[in-house]
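What follows is one structure encoded as structure tokens, with my remarks underneath.
Each value in this text was obtained by applying a stated rule to the coordinates, not by laboratory testing. The shown structure was predicted, so the numbers you read here are calculated from the model rather than taken from an experiment. Here the Cβ positions follow ideal geometry from the backbone for every residue, glycine too, while neighbour counts run over all protein chains shown.
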Protein chains: 2
Amino acid sequence: MNISKSFIPILKNNPSEAKIKSHQLMLRVGMIKQSSAGIYSWLPLGFKVMKKIEKIVREEQNRIGVQEILMPTIQSSEIWKESGRYEDYGEEMLRIKDRQNREILYGPTNEELVTDIFRSSIKSYKSLPQLLYHIQWKFRDEIRPRFGIMRCREFYMKDAYSFDINDEEAFFSYNKFFLSYLKTFKRLDLKAIPMAADTGPIGGNLSHEFIILAETGESKIFTDKRIFEVDTKDTKLEKKSLDDMRKKFEQYYSVTDEKFNKEEFEKKVSNENRLTTKGIEVGHIFYFGDKYSKPMGASVDLPGGKKDFVKMGSYGIGVSRLVGAIIEAKYDEKNEVMKWPISIAPYDLSIIPMINKNDNAALDKANNIYLELEKNNIEAIIDDTDENFSSKIKKMNLIGAPYQIIIGKQTDGDLLEFKETGKDSQKLKLKDIIKIIIEQKVKN
Amino acid sequence: MNISKSFIPILKNNPSEAKIKSHQLMLRVGMIKQSSAGIYSWLPLGFKVMKKIEKIVREEQNRIGVQEILMPTIQSSEIWKESGRYEDYGEEMLRIKDRQNREILYGPTNEELVTDIFRSSIKSYKSLPQLLYHIQWKFRDEIRPRFGIMRCREFYMKDAYSFDINDEEAFFSYNKFFLSYLKTFKRLDLKAIPMAADTGPIGGNLSHEFIILAETGESKIFTDKRIFEVDTKDTKLEKKSLDDMRKKFEQYYSVTDEKFNKEEFEKKVSNENRLTTKGIEVGHIFYFGDKYSKPMGASVDLPGGKKDFVKMGSYGIGVSRLVGAIIEAKYDEKNEVMKWPISIAPYDLSIIPMINKNDNAALDKANNIYLELEKNNIEAIIDDTDENFSSKIKKMNLIGAPYQIIIGKQTDGDLLEFKETGKDSQKLKLKDIIKIIIEQKVKN
């Protein structure tokens, strides 16, 4: 892709309305455009990143056997009245009347709707467990939307729901998602820590947030450093193995300010292991038993002939929010360098030719390199404009392909100037560059 | 995938509320579930088909160089007031007030929003053409939603928009989409005929609908049979070649009842070439010049220093609607046999073992075949229930994987009973079955 033909509207300076670095960068390189308060369009660069995140989230859901469905954005108020949440939810729920004057709403979450789907089809314990997810737009009418897509009104979310016969099976489902979330965030090159959390408007009695560290995070976190060393690579999708994994995490104190207790922190964590910092929530899981199945009458036949309400949990990852969270975690604001993890980068590599008037040699070379990369499934972007060299480098440092090839004075026959974005350059042949990038792609 | 573990809620009989065959089949095999009037959830089987259609639509848009973006579902009323459509649009537009009492709406289409995105970034003819598309949920508040997802309120649509410097370039863009649509529908195994159409609420002076033949179609169509013979395989993405292609279609009379003129039909089409039948609209393209760019002030600098309003077109394909349209075109209602085109089938093949009490031999064989197919990237579904044989066949004929392997009395050592869904069976070795399916997948 040549940058002159792409729709990547870049601003020279940081937009003054943006207060945090993800919002600044996303507006600056044209990843998003605000269309109204707290509502954004995703332009090609932002869209590509979000789609790659979505793909990883989907693959990891499928891997633990969750089936994908798609519920609509607009819901009827009736099911929310059944569960009792219609009145409770408050003004964040976007309430609508249609032309027939029926009360409808833009779904802020889907516990009611998925329970309705479940109860209309599943009647027997023999069909359990059922694990369902969807990835869909949701709306929460925030009173003061801010920080770009980090605290907006319309957002893209993966939410999954589990249905089980009893607590034991339900914890097994819960733990599958627990492990799956750790793997998902790892593939996004994020170190997410699971933390015991409050359940808020979802309800229930067991809940974990997954928090990534970022100085600009919205939550203060208090944790035992040793939690970063917990290793899950040998954990299997089996009850005992998953239980052991959760215990390994839960032996370390690790909470957000909501649950913080100074005395407990100091008692449980020795001075050298204490870490107090900030973080961003990227996932949240809940177990709430029959909180929805009971008022909505979602029951199944048990082996003995009796019936019982199905036990449910829900599991959310903010897909659009992750784009911002990853920028918060990775963007070097001081040097204006973003290097996307290769698993979700909008491009694998940027090609920066120095183009002089009436001399297309560097651009021709760039085009040839592009074709060779394409043959190897490496996605590149060429800066084919006639801007000066330093402004091109600056732009590509913001767009954030993790690798760069610079075609200028340093180019010496077959040897190309190659660098990891933001690092020092080295001279390499194209075939060696391709090898490096393919190795990284396979690993991630 | 074992059917006992999947969320495919199947009804014994046709649901009485469904009047057309796509609606019947989709409810009967649990592809969708109605959540409120004209609003549906997509269950795993329906979701798989829709996603595969979406993928083909996306690939064909990318192939002609359209860039993907994603606009939000909720729009501000302000841009609709700028274009003058806010009052005109009528009650089909779902109008909403948010908690701050601002007028917002659920987008029924996106000409205004995409024009706003364009005008904020593109200032010069040098950045033209720009072709942008998105695939997003839309809402039209139909007064009487019916026929399942064929005439519903919340629907999934691909809409693209072109921006050009003048009419000549704009027609070039228009024709690219014209060809791209023919290719898209062909990959869906549909024969779509382009027909000159009215422009309706989108406006403009050039428009084509793409119609597929189906006896249950909503539009009456009058056409010259020879239009089916027009061949586009040598058409190139070049002005002259695309112009010639459109002329080849336009030489034949072909309209829906909206534009029908009996006298003209009989004059232009000889008796033996006349075809009067019914069809379903699956795509619609429009050219409307500066209808939106002028009131909204979307202009670009021209080469000479003057400015002009950009010339726009829009191009829609109903992605969710296509699921129903394909069923209308392909489902043999009398024999209750659906055979999905392999390019979008929910599964490539179904495995139907005859399972007797205390005898798992057939199921074990089915599982082994499944694993072998999986290695070859062939997606299968096993009916592992203990239902009787004929009810299993009936069920799989409705689910519609295009191929079946039946493991019963006819199974004879290495030779398996294999059939194209709805056709006669033959005895083949697994490796030959795999060869047949892979050949079909590569072709489509």
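Quick notes on this structure:
- For chain A, hydrophobic long helices are taken as DSSP H runs at least 18 Å long by C-alpha position along their axis with mean Kyte-Doolittle hydropathy of -1.0 or more; these are A:44-63, A:167-187, A:361-375, A:430-443.
- The equivalent ellipsoid that matches the C-alpha gyration tensor of region A:68-222 spans semi-axes of 27, 24, 14 angstrom, in descending order.
- Most simply put, region B:349-443 has about 60% antiparallel DSSP beta bridges, counting only bridges with both residues inside it.
- Sorted from longest to shortest, the spans of the Cα atoms of region A:337-443 along the three principal axes equal 42, 27, 22 Å.
- Chain B comes nearest to the axis taking it onto chain A at the Cβ of one residue; that residue and its distance, in whole Å, are B:Ile96, 3.
- The residues neighbouring A:Lys247, those whose beta-carbon lies less than 13 Å from its own, together hold a net charge of +1 under the Lys/Arg +1, Asp/Glu -1 convention.
- Amide H contacts of B:Gly217: B:Gly279, each under 5 Å away and 5 or more positions distant or on a separate chain (H built 1.01 Å from N in the peptide plane; Pro and chain starts excluded).
- Principal semi-axes in Å for the protein assembly as shown [√(5λ), Cα gyration tensor, largest first]: 40, 40, 29
- Shortest-first nm distances, A:Gly422 label point to equivalent points in other copies (7 Å, Cα→Cβ): 5.7
- A label point on B:Pro201, set 7 Å along the Cα-to-Cβ line, lies at 3.0 nm from each of its counterparts in the other copies, closest listed first.
- Within the shell defined by Cβ-Cβ distances under 12 Å, the residues around B:Asp198 carry a net charge of -3, with Lys and Arg each +1 and Asp and Glu each -1.
- Cα centroid of region B:47-113 to Cα centroid of region B:174-207, whole Å: 19 Å
- Cβ-based exposure ranking for B:Lys441, A:Lys429, in which fewest neighbours within 10 Å come first: A:Lys429, B:Lys441
- Cα-based equivalent ellipsoid, region B:126-204: semi-axes from gyration tensor eigenvalues, Å: 27, 17, 13
- For region B:21-330, the spread of Cα positions along each principal axis, largest first, Å: 56, 49, 36
- A:Glu209, A:Glu439 arranged by Cβ crowding within 10 Å, fewest neighbours leading: A:Glu439, A:Glu209
- Counting charges near B:Glu91 (Lys, Arg +1; Asp, Glu -1) among other residues having Cβ under 11 Å from its Cβ returns a value of -1.
- Here is how the number arises for chain B: DSSP H runs of 4 or more residues each give -39500 (n - 2.57), the sum is divided by the residue count, and the result at 222 nm is -10000 deg cm²/dmol.
- Largest first, the three principal axis extents of the alpha carbons in region A:31-113 are 39, 37, 23 Å in whole numbers.
- Per-residue average of Cβ from other chains inside 10 Å of A:140-153: 1
- Karplus-based coupling profile of region A:285-290, in residue order and whole Hz: 10, 9, 10, 9, x, 9, with θ = phi - 60° in 6.51 cos²θ - 1.76 cosθ + 1.60 and x standing for Gly or Pro.
- Among B:Lys375, B:Lys5, B:Lys191, the ranking by other beta carbons within 10 Å of each residue's beta carbon, starting with the fewest, stands as B:Lys375, B:Lys191, B:Lys5.
- Residue among B:Ser343, B:Ser121, B:Ser254 with the largest mean-square fluctuation in a Gaussian network model of chain B, springs linking Cα atoms under 10 Å: B:Ser121
- A convex hull fitted to the Cα coordinates of region B:251-400 yields 255 cubic angstrom per residue.
- In this assembly of identical copies, the label point of A:Asn360 (Cα plus 7 Å along Cα-to-Cβ) is separated from its counterparts by 6.8 nm, sorted shortest first.
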